[in-house]
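Undergrad: Right, I'll just put the structure down here and ask away after.
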């Protein structure tokens with residue numbers, strides 16, 4: 001449909017943006033680049049296209065291309081979006097100190113541009129990765145700061161709820177989830193993606209594996225790969241990641257590996273989100289579990305896969321900040337498996 005709309009109204013940029021999103025999601029990087037070039041040939045300097053060009057450069061990977069797009073954002077009203085993208089890229093490789101500084105700058109930039117809600121979303125983005133990396137106190141602080149800036153925002157609310165759940169503050173997560181359920185009873189993504197993920201993560205914290213897996217079944221649908229409209233990428237696939245964790249906790253290594261592999265296989269959706277890097281560690285853990293629960297050749301094969309996945313993650317994080325809790329855990333697990 002987007003191509004039909006473009007042919008009927010070639011100066012309408014919306015369909016171009018939508019088509020690029022679809023092409024990125026399908027890993028058609030060259031086609032996505034061509035579509036952006038077509039739009040820019042119409043003298044468009046829409047910042048969305050520059051975000052998409054940044055994503056293309058990240059996926060290729062092309063450091064010079066990312067730097068070029070980062071430079072484009074400098075001193076523009078949308079500079080905060082470019083800073084947030086750069087923050088995600090640093091965090092993707094475990095450069096958490098740099099990521100935190102870029103997040104601080106992105107929030108300040110958004111507030112200067114009179115967009116408190118956007119600044120709040122950058123706080124929540126930071127809260128989610130802090131929680132996932134094992135920094136619960138930092139995660140809860142960032143989540144709270146985001147809620148202070150934009151307490152009525154749907155995006156801020158759901159990301160804060162999930163950040164609290166991942167950080168282990170199930171009481172706060174449950175409270176926010178109940179409030180959001182009342183406010184958005186017929187919102188499809190709220191009911192089918194966000195709330196199941198929040199509830200499942202809280203259930204995992206309570207060691208209720210059956211409840212967690214049941215909650216996540218509703219998110220196992222085509223909508224799982226749909227676009228989230230208040231983030232810089234297409235989607236971080238949070239329900240997929242949490243389902244992988246739930247299968248790990250339930251001792252189902254093969255099922256867990258399948259979930260984490262979905263994230264790796266859909267880099268055109270995830271872009272530079274932290275789930276893309278931690279999915280590698282999740283795959284390693286899933287295969288290590290299979291090695292432990294299998295016998296003979298199957299166990300040996302799973303161990304080889306696990307070692308390769310650990311090496312993949314640790315290579316990606318070779319220059320990571322050494323004090324990140326999940327990195328310490330990964331190194332210890334790898335050493336034990338060798």
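The values are calculated or read from the model by the stated rules, or taken from the named source; none is laboratory data. None of these values were measured; they are calculated from a predicted model. Positions of Cβ are generated from backbone atoms using ideal geometry, with glycine treated the same way; all protein chains shown enter the neighbour counts.
Undergrad: Please name all residue pairs, on different chains or six or more residues apart, with Cβ atoms under 7 Å, provided the first residue is in segment 17-39 and is at positive phi and outside any helix (DSSP H, G or I) and the second residue is surrounded by 15 or more Cβ atoms within 10 Å (Cβ to Cβ) and at pLDDT 90 or above.
TA: 27/268
Undergrad: What tally of residues in segment 203-224 results from selecting those that are farther than 17 Å from residue 174 by Cβ and either buried (at least 16 other Cβ atoms within 10 Å of the Cβ) or touching a helix residue (DSSP H, G or I) at 6+ places or on another chain (Cβ under 6 Å) (or both)?
TA: Of the residues in segment 203-224, 6 are farther than 17 Å from residue 174 by Cβ and either buried (at least 16 other Cβ atoms within 10 Å of the Cβ) or touching a helix residue (DSSP H, G or I) at 6+ places or on another chain (Cβ under 6 Å) (or both).
Undergrad: I need the full set of residues from segment 312-326 which are out of contact with any helix residue (DSSP H, G or I) (no Cβ under 8 Å at 6 or more places or on another chain) and either part of a helix (DSSP H, G or I) or surrounded by 17 or more Cβ atoms within 10 Å (Cβ to Cβ) (or both), in order please.
TA: Across segment 312-326, the qualifying residue is only 315.
Undergrad: Here is a list of conditions, (1) crowded, with 19+ Cβ neighbours inside 10 Å; (2) modelled with pLDDT under 90; (3) closer than 25 Å to residue 236 by Cβ, and residue 2 meets all of them except one; can you say which number that is?
TA: Unmet for residue 2, out of (1) crowded, with 19+ Cβ neighbours inside 10 Å; (2) modelled with pLDDT under 90; (3) closer than 25 Å to residue 236 by Cβ: (1).
Undergrad: Considering (1) surrounded by 15 or more Cβ atoms within 10 Å (Cβ to Cβ); (2) in a loop (DSSP other than H, G, I, E, B), say which one residue 197 fails and leave the rest.
TA: That leaves (2) as the condition not met.
Undergrad: Right, something else. In segment 150-175, how many residues are surrounded by fewer than 23 Cβ atoms within 10 Å (Cβ to Cβ), in contact with a helix residue (DSSP H, G or I) (Cβ under 8 Å, 6 or more places away or on another chain), free of Cβ contacts under 8 Å to residues at least 40 places away in the same chain and assigned to a helix (DSSP H, G or I)?
TA: 3
Undergrad: Another question about this same structure. Looking at (1) in a helix (DSSP H, G or I); (2) in contact with a helix residue (DSSP H, G or I) (Cβ under 7 Å, 6 or more places away or on another chain); (3) buried (at least 21 other Cβ atoms within 10 Å of the Cβ); (4) at pLDDT 95 or above, which is the only condition residue 88 fails?
TA: (2)
Undergrad: In addition: Among (1) over 29 Å from residue 25 (Cα atoms); (2) touching a helix residue (DSSP H, G or I) at 6+ places or on another chain (Cβ under 8 Å), there is one condition residue 329 misses while meeting the rest; what is its number?
TA: Result: residue 329 fails condition (2) only.
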